[in-house]
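Notes follow once the structure below has been shown.
The values are calculated or read from the model by the stated rules, or taken from the named source; none is laboratory data. For clarity, every value in this text was computed on a predicted model and none was experimentally measured. Here the Cβ positions follow ideal geometry from the backbone for every residue, glycine too, while neighbour counts run over all protein chains shown.
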Amino acid sequence: MRAVLVIPQKDFQDEEYFEPRKTLEREGIITFIACKEKTGATSSKKALELPNMRLEEIQTWYLHGILIVGGPGCEQYYNDDYLFKIIRQFAKENRIIAASSNAIPVLANAGILDGKKVTGHPSVKNLVEAKGAKFTGAPVEVDGMIVTCKGPSEVADYSKRIADLIKQHYAPKL
């Protein structure tokens, strides 16, 4: 089982990155970190992370889930046509797609949230509703294969739900 976490080059939200990664790995899911460039990415709290792939290297056929990490820097992906193409391919292949906090507009702008229940930071409510999503404001929302969370205080539950979905759909059956 494999998932990729997409982080912005700078100012990704620490809790929305480190907690999901730790949870996924603890649950036996191999994680990859993707960014625009592999030169290094810094969190809002100045932690340095070295992505092991660029967006262009993401292979949807090999992965079971994609997580778009929130934080001030994730706005760099609000109009990223290449990332939208990747997200739409994950949706087409019925793979797990997740986003946290203010990263929800990335999914909305990719065009995959029409009629879907989502949550996120209150500041993105109007934007995602304009794209057809049903914004609930709940701490965590799961609608089919899409998982969203309101913010950093909800990442433990969010992370567990992502891991559970990946394991439910992709764990080897004995």
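Just to verify a result, which residue in region 157-174, among those that are within 14 Å of the chain's Cα centre (by Cα) and among the aliphatic types (A, V, I, L, M), is surrounded by the most Cβ atoms within 10 Å (Cβ to Cβ)?
Taking the candidates together, the pick is Ile162.
Within region 119-127, can one find any residue that is touching a helix residue (DSSP H, G or I) at 6+ places or on another chain (Cβ under 6 Å), closer than 22 Å to Ile30 by Cβ, of a type in the set (A, V, I, L, M) and buried (at least 17 other Cβ atoms within 10 Å of the Cβ)?
Here is the first cut: in region 119-127, the residues touching a helix residue (DSSP H, G or I) at 6+ places or on another chain (Cβ under 6 Å) are 120-121, 124, 127.
Retained after the next criterion (residues that are closer than 22 Å to Ile30 by Cβ): none.
Looking for residues that are touching a helix residue (DSSP H, G or I) at 6+ places or on another chain (Cβ under 6 Å), closer than 22 Å to Ile30 by Cβ, of a type in the set (A, V, I, L, M) and buried (at least 17 other Cβ atoms within 10 Å of the Cβ), one finds none in region 119-127, hence no.
Filter region 1-49 for residues that are of a type in the set (Val, Ile, Thr), over 24 Å from Ala171 (Cα atoms) and crowded, with 23+ Cβ neighbours inside 10 Å and give the result.
At the first step, the residues of region 1-49 found to be of a type in the set (Val, Ile, Thr) are 4, 6-7, 23, 29-31, 33, 39, 42.
Checking which are over 24 Å from Ala171 (Cα atoms) leaves us with 7, 39, 42.
Within region 1-49, just Ile7 meets the criteria.
Spot the failing condition for Ala99; the list is (1) in contact (Cβ under 8 Å) with a residue 60 or more places away in the chain; (2) buried (at least 24 other Cβ atoms within 10 Å of the Cβ), and only one is missed.
Tallying (1) in contact (Cβ under 8 Å) with a residue 60 or more places away in the chain; (2) buried (at least 24 other Cβ atoms within 10 Å of the Cβ), Ala99 fails exactly one: (1).
Which one of these is at pLDDT 95 or above and either under 17 Å from Ala3 (Cβ atoms) or out of contact with any Leu (no Cβ under 7 Å at 6 or more places or on another chain) (or both): Val155, Val128? It would help to see each step written out before you state the result.
Numbers: Val128 fails: either under 17 Å from Ala3 (Cβ atoms) or out of contact with any Leu (no Cβ under 7 Å at 6 or more places or on another chain) (or both).
Step by step, each of Val155, Val128 is checked, and only Val155 is at pLDDT 95 or above and either under 17 Å from Ala3 (Cβ atoms) or out of contact with any Leu (no Cβ under 7 Å at 6 or more places or on another chain) (or both).
Exactly one condition in (1) over 14 Å from the mean Cα position of the chain (by Cα); (2) farther than 21 Å from Val124 by Cβ; (3) at pLDDT 95 or above is not met by Ile58; state its number.
(1)
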